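Values in this text are rule-based calculations from the coordinates and carry no lab data. All values reported here derive from a predicted model rather than from experimental measurement. Here the Cβ positions follow ideal geometry from the backbone for every residue, glycine too, while neighbour counts run over all protein chains shown.
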Amino acid sequence: MTSTPTTAHHLRDLSRLRRVRDRIDREYAQPLNVEVLADGVHMSAGHLSRQFKLAFGESPYSYLMTRRIERAMALLRRGDLSVTEICFVVGCASLGTFSTRFTELVGVSPSVYRQEAARATAGMPPCVARQVTRPIRTQLIRNGEAPATEPEIA
């Protein structure tokens, strides 16, 4: 029989999960995996994965890849690096994995995105272009990676 965690324990876990999310946001280009992230907050990899998904609606790996793809989108709009260079700059080790994940999240391949984004954001300030072209949560829901409703964090 399992008991529900105390409020203090729950808040401590939530604080750790936020630290993990912040670390992913900062270090997305570094080699990160669930074990490294879990060690940094003194949790097991399995517990971190389960709790992260409950709190944020997606696994740590999916969150990391989304951050990498968002950065890749900005670099593709800038246009001065090749798709292969961008793949490695954002921390992906495999061009195939990068291209597949990019296509899943964005709906088009990186090279097609570069062409379309150049036309769609011509004359737009970069801060607006970044917001308009960001992968949206509905794309994650469509791919079955996030629940349609926001999880409750009590």
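Overall, the anisotropy analysis places the range 67-141 in the oblate class: the square-rooted eigenvalues a ≥ b ≥ c of its C-alpha gyration tensor yield a/c not less than 1.5, with a/b not exceeding b/c.
Once both labels are positioned 7 Å from their Cα atoms along Cα-to-Cβ, the gap between GLU85 and ASP25 label points is 2.9 nm. Got a sec? Which residues in the range 95-121 would a label at ARG130 touch, if it sits 7 Å along Cα→Cβ and we count backbone N under 18 Å? So the set is 117-118, 121.
Annotation: extensible slack from LEU54 through THR100 equals 14.0 nm (criterion: 0.36 nm per residue apart, minus Cα-Cα distance). Shape class of the range 7-60 from the Cα gyration tensor (axes a ≥ b ≥ c, square roots of the eigenvalues): prolate, since a/c reaches 1.5 or more and a/b is larger than b/c. Full extension of the chain between SER111 and TYR61 yields a length gain of 15.6 nm, computed as 0.36 nm times the residue separation minus the alpha carbon distance. Dipole magnitude for the range 7-60: about 180 debye, using +1 per Lys or Arg Cβ and -1 per Asp or Glu Cβ, origin at the Cα centre.
Ranked by the mean number of other Cβ atoms within 10 Å of their residues, highest first, the peptides 68-78, 112-122 fall in the order 68-78, 112-122.
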